[in-house]
Number of protein chains: 2
Amino acid sequence: MAKRQREIGVAEFFSRNRHLLGFDSKRKALLTTIKEAVDNSLDACEEAEILPEIHVEVIDMGSDRFRVIVEDNGPGIVKKQIPNIFARLLYGSKFFKLAQSRGQQGIGISASVLYAQLTTGKPARIISKISPNDPAHYYELKIDTQKNQPLIMTDEVKEWSKEHGTRIELDLEGSYLGGSQSMDQYLKQTAIVNPHVTLIYTNPKAEQLIFPRAVETAPPKAVEIKPHPYGVELGTLMDLLRATKAPSVQSFFVNEFSRVGHGTAKQICQGAAILPSTKPAEINRDMAEKLIKSIQATKIVAPPTDCISPIGAELLEKGLKKEINAEFYCAATRPPNVYRGNPFVIEAGFAYGGEQLADKSVSIYRFANRVPLLYQQGACASAKAVMSTNWRSYGLSQSQGSLPIGPLTIAIHIASVWVPFTSESKEAIAHYPEIIREMRLALQEVGRQLGSYISKKRRMHAESKKRDYIQTYIPHVSDALKEILGFSDSDKETVEKMLVSILEKHRGELKDVAMENTEYNEEFARIGKGKTSDDDDGEERSADNGNGEDCKAPDKKKNAGYQQTL
Amino acid sequence: MAKRQREIGVAEFFSRNRHLLGFDSKRKALLTTIKEAVDNSLDACEEAEILPEIHVEVIDMGSDRFRVIVEDNGPGIVKKQIPNIFARLLYGSKFFKLAQSRGQQGIGISASVLYAQLTTGKPARIISKISPNDPAHYYELKIDTQKNQPLIMTDEVKEWSKEHGTRIELDLEGSYLGGSQSMDQYLKQTAIVNPHVTLIYTNPKAEQLIFPRAVETAPPKAVEIKPHPYGVELGTLMDLLRATKAPSVQSFFVNEFSRVGHGTAKQICQGAAILPSTKPAEINRDMAEKLIKSIQATKIVAPPTDCISPIGAELLEKGLKKEINAEFYCAATRPPNVYRGNPFVIEAGFAYGGEQLADKSVSIYRFANRVPLLYQQGACASAKAVMSTNWRSYGLSQSQGSLPIGPLTIAIHIASVWVPFTSESKEAIAHYPEIIREMRLALQEVGRQLGSYISKKRRMHAESKKRDYIQTYIPHVSDALKEILGFSDSDKETVEKMLVSILEKHRGELKDVAMENTEYNEEFARIGKGKTSDDDDGEERSADNGNGEDCKAPDKKKNAGYQQTL
């Protein structure tokens, strides 16, 4: 057994476990490839403060093969980095940076290159240019799966009319289907939550779709932050202490963490009974453990939140209005919170009613750092948050531990410097309790608005049903009165109208009727032979029975007015 | 931007993405650690054909720290390999071997070591002995997270009374809670599907639980296989062609794949218009593509299935009986199938009714290669298979796209040489269409048995309800007859009993009544004044009305017999 033990290459590992990267089916492979390329383009543009314009083209080459081309107007990539970025797994800059970005793991696009190579044997073709004065570099790249290193097949300087930007071309096995988990849907949802982006998409049927930008300003650039002390763990702290260049523990805390000034750093040291001037290298495990305890006991300001740029409730609501034909929309953005030292913000938006089916589970639109998540809903913290919210109190039906049933679409967005995904394919958010709690709070916030809308709607429905009863029975009542009391036709009509008005008033809807009710009572008294009781004031009036002759039609104009308000 | 691009270390990557490995909460961390250690022990014992006896001890050390000790009687690990196996991610033997095993990725136990070190700063303590004559080696190990290399803190020879085996001791942050996602549950379910294992478990409350083995024979040892040609992809084929030592393409196919003899290999080459004697190194991309197409067009026997050892329907049913207090059990094992060239077998078992709640979603017990999966049910192919099965036809209620509602527990087991998990934490099975289809077929197979049980139960229920009606109304009918026809009390009693018998017979339950019905009809004719119609033969008999005097009580004994059969 011992002889067979050996190292497993990263690329080897992921090529066998390709479903971890989002390549478990041909359909998903196409989506994942486009997603990774577009996300990278958006990140690069935003970092360079360029308004993104991205061309996506997918060409059907027959027998389940597709050519995917993604071209951006981003800042381009310096020559030396091109092979590593596209043809080496676990390589990148975003992993080491605490700032909100779409990519974060250094896996995405190289995984697509790996998949393309596995299924068609063809290298990735990349061209990139960093400025009008620099040449464009063209590469054909493959990945050495055993060593996880780029294999450069071609390396040329090429003419490219673009001022700057990057273009990637991949041939891969895929399958094109529309629907809720397609690349079409991904691009559509991307346009919704990124209104500053222009997307030009040519689908495999050679139809061109253009999603023009709706806003001429990019979202505020996310600022990079240092880790917050509350999120640090013993092992990490020990690694950091070993690696730091700071001369003392006090300056170590000030330099390496956010929200720690000299005072706070001193307080942390004192809490751990360690001299602030101790050299970081001298801190052993037990001392580090004391430091951790002291950090937990020290009051430190919450991490800064300018590193996060949420969509905003208003924009989220707008996005939903654009996408879903509903009757009621609402949204909310939660205040920032922290999980494991990483700040994050949760936003939720609802679209209710309209053309959505009432007897099906609600739909959930999930976004992480402005990227739509289309797969693995069941595994996502958002689904858990939805299922563990009590929707009955907001007027939807729900069986225990399930999604609620109703004509509702829920959009949930998490923006964070580090979104914890359940897998490298970044399809679902891990079940961190802090995140689920914030999601539930966001859902409750929006849920209350929805609840009051639904209950209002129900009241109105009940109301109109009752009115239906009124309209059904009152003619019979007045017919009966006419017969018993010998009313004339005009008297009958008058009584009927008055009855309608009084009953309407008891339904509590027509305030003006209530105000003028006394007039009616007087009139009724004048005509009527019967007795009418008024629930509102409990007053009982005796009518002068037997004097049916002096009946008079009430003022027609006034009655017409009431009819209109019904 | 370019300056910040750099390589991301594997250990670095996983320590930040620890939820990928099953360490997203303290509770889960404890479960994952025990699971990885126990799975390794079971694999080692089975490979060495030793009946496993595993001691698991979890000690509560206060303030959310636990010491986990797992000790087995396995074959032990040779000294040189101990540091790599326990303190290096992506290192192992099972990854390269196509055979059913619990571990497969070379990540599990080293991830636990990494987590322990991150949360408590303490190294893992390992002792292992390979035979009574060899010394036991004791190591204290940490992982260098940047280099992903073992850091050896202590390396000693120790006295250990055991003949052979391995023991690992870890201190980590955790949280102990019972329930459906606890280590208690994991060990319990492990005992169910591994009846050849003895588990001795001491929980953090210092209570000892012993799960003794129920079978004295280990399951047949899973045989290692070579990949099947149907599962190979272009890129992989090209890599294999480059790496092979075979002198010709023909011998390459015979040597590197299962189910390919010289004839089949020749056929594949001919189909691709390539000479069987071509050197593998001479095959270029286009030729490889032709080979792939030719493979798909060639008839090749399905992969051997002795590499898989399913639990078996009978044993699965037994396991369910042991675990769940239900009223109806059934199970089935599907024939082997293949996804991406990997053979797999699906088994399903149901436990219905009993103490299970009827108004809740069904419970799913999931197993992969005999390992219970307790988390991420929503992300699992099995959940998808359950939700996409039409349970209404088996008598359960289900709203579209949801789990069915009913007092049912479903066990699903996948046994394969390579289980595709959705993440490194091995909690859910990826959505490969072939796997979902097989799962649905298994569910349908067992579902039909359940359906016929439920509908039978319903019929019986309806039956007993009808009988209740009979018992309620017949006395009134006979009272009325007595009054109208002037029966004596004994006549009334006789008629009542006869009516009961006839109506029972019409419910189709008492066959013997039907057989003797004619006697009753005769008797009734003798007593009765009325007219009785017999639906069974449509025959209508006219009774001699008006001769009430010659009524006679029927034979008491015979009636008593019928009463008993009711």
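The values are calculated or read from the model by the stated rules, or taken from the named source; none is laboratory data. Fair warning: this is a prediction, and the values are worked out from it, not measured in the lab. Every residue, glycine as well, gets a Cβ built from its backbone with ideal geometry; the counts of neighbours run over all protein chains shown. Heavy atoms of the whole protein, side chains included, go into the accessibility calculation; ligands, DNA and RNA do not. Shrake-Rupley method; radii C 1.70, N 1.55, O 1.52, S 1.80 Å.
Name the residues of region B:272-291 whose accessible area, probed at 1.4 Å, falls by at least 50 Å² once all protein chains are in place instead of their chain on its own?
By number: B:285.
Enter the angle in degrees (range 0 to 90, nearest 10) between the Cα long axis of helix A:556-565 and the first principal axis of the Cα atoms of chain A, meaning the one along which they spread out most.
Its long axis makes an angle of about 20 degrees.
Return the value, in Å² to the nearest 100, of accessible area buried between chains B and A (probe 1.4 Å, both sides summed).
For chain B against chain A, roughly 6500 Å² becomes buried.
When the accessible area of chain A is split by element with a 1.4 Å probe, what percent falls to carbon and sulfur?
Looking at chain A in its full context, I get 50 percent from C and S.
What accessible area per residue, rounded to a whole number of Å², is obtained for chain B using a probe radius of 1.4 Å?
For chain B, the per-residue accessible area is 43 Å².
For region A:1-58 and region B:98-156, compute the distance between their C-alpha centroids and round to whole Å.
Taking the Cα centre of each part, region A:1-58 and region B:98-156 sit 31 Å apart.
Using a 1.4 Å probe, how large is the accessible area of residue A:248, given in Å² and rounded to the nearest 10?
20 Å²
Largest first, what is the accessible-area ranking of A:35, A:221, A:122, A:188 with a 1.4 Å probe? Don't jump to the answer; show the numbers that get you there.
Working: A:35 15, A:221 105, A:122 60, A:188 80 Å².
I get A:221, A:188, A:122, A:35, largest accessible area first.
Taking 50 Å² as the minimum loss, tell me which residues in region B:216-261 lose that much accessible area going from the chain by itself to the full protein complex (1.4 Å probe).
Listed in order, they are B:233.
Please give the direction-averaged projected area of the C-alpha convex hull for the protein assembly as shown, in square nanometres with one decimal.
If I average the Cα hull's projected area over directions, I get 67.8 nm².
In region B:221-279, what GluC sites (Glu not before Pro) fall in a loop by DSSP, with at most 16 other Cβ atoms inside 10 Å?
On the way: sites: B:224, B:233, B:256; in loops: B:224, B:233.
Sites meeting the loop and neighbour criteria: B:224.
Treat every Asp and Glu Cβ in region B:229-297 as -1 and every Lys and Arg Cβ as +1, leave all other atoms uncharged, and give the resulting dipole magnitude about the Cα centre to the nearest 20 debye.
For this selection, approximately 140 debye.
Ordering A:239, B:359 by accessible area with a probe of 1.4 Å, largest first, what comes out? Write out the running numbers ahead of the final one.
Values: A:239 45, B:359 115 Å².
Reading off the accessible areas and sorting them downward yields B:359, A:239.
How large is ³J(HN,Hα), in whole Hz, for each residue of region B:288-303 in order, when computed from phi with the Karplus curve 6.51 cos²θ - 1.76 cosθ + 1.60 and θ = phi - 60°, using x for Gly and Pro?
4, 5, 5, 4, 4, 5, 5, 4, 4, 8, 8, 7, 10, 4, 4, x
Please compute the net charge surrounding residue A:380, taking Lys and Arg as +1 and Asp and Glu as -1 over other residues with Cβ under 10 Å from its Cβ. Walk me through the numbers before you get to the answer.
Values: positive: A:366, A:384; negative: A:427.
Net charge in that neighbourhood comes out at +1.
Could you name every residue in region B:385-401 that has 30 Å² or more less accessible surface in the full protein assembly than in its own chain alone (probe 1.4 Å, ligands and nucleic acids excluded)?
For region B:385-401, once contacts with the other chains are taken into account, B:400 lose 30 Å² or more.
Enter the angle in degrees (range 0 to 90, nearest 10) between the Cα long axis of helix B:108-120 and the first principal axis of the Cα atoms of chain B, meaning the one along which they spread out most.
Its long axis makes an angle of about 80 degrees.
What dipole magnitude, in Debye to the nearest 20, does chain A give about its Cα centre under +1 on Lys/Arg Cβ and -1 on Asp/Glu Cβ? Intermediate results must be reported in sequence, preceding the final value.
On the way: 74 positive and 73 negative charges, 560 e Å.
The calculation lands at about 2680 debye.
Place +1 on the Cβ of every Lys and Arg and -1 on the Cβ of every Asp and Glu in region B:302-363, take the dipole about the Cα centre, and give the residue among B:326, B:341, B:312 whose Cα lies farthest towards its positive end.
B:341
Heavy atoms only, 1.4 Å probe, whole protein assembly: order B:55, B:196 by accessible area, highest first.
B:55, B:196
What does the accessible area of residue A:147 come to, in Å² to the nearest 10, when a probe of 1.4 Å is used?
Number for this one is 140 Å².
Once you've got the Cα coordinates, tell me which of B:35/B:321; A:35/A:129; B:79/B:129; A:79/A:142 are over 19 Å apart.
B:35/B:321; A:35/A:129
Note the distances from residue B:399 to each other copy's matching label point, with points 7 Å along the Cα-to-beta-carbon direction, in nm, sorted shortest first.
Between copies, matching label points for residue B:399 lie 0.8 nm apart.
Using only Cα atoms, locate the centre of region B:208-272 and the centre of region B:276-336, then give the distance between them in Å, rounded to an integer.
Cα centroid of region B:208-272 versus Cα centroid of region B:276-336: 11 Å apart.
For region A:61-85 and region A:363-400, what is the separation of their Cα centres, given in Å?
Centre-to-centre distance over Cα atoms comes out at 34 Å.
Over the whole of A:7-18, what's the average partner chain Cβ count within 10 Å per residue? Rounded to a whole number, please.
Details: counts 9, 13, 2, 6, 0, 4, 8, 0, 4, 9, 10, 4.
Mean number of neighbouring Cβ atoms from other chains: 6.
Using the Cα centre of region B:8-211 as origin and beta-carbon charges of +1 (Lys, Arg) and -1 (Asp, Glu), tell me which of B:62, B:14, B:199 is placed farthest towards the positive end of the dipole.
B:14
Nearest 500 deg cm²/dmol is fine: what mean residue ellipticity at 222 nm does chain A get from its DSSP H runs of n ≥ 4 alone, each adding -39,500 (n - 2.57), divided by its residue count?
After summing the helix terms and dividing by the residues of chain A, the value is -12500 deg cm²/dmol.
Compute the acute angle (0 to 90°) between the alpha-carbon long axis of helix A:262-271 and the principal axis of greatest extent of the alpha-carbon atoms of chain A; round to the nearest 10°.
Helix A:262-271 and the main axis of chain A meet at about 90 degrees.
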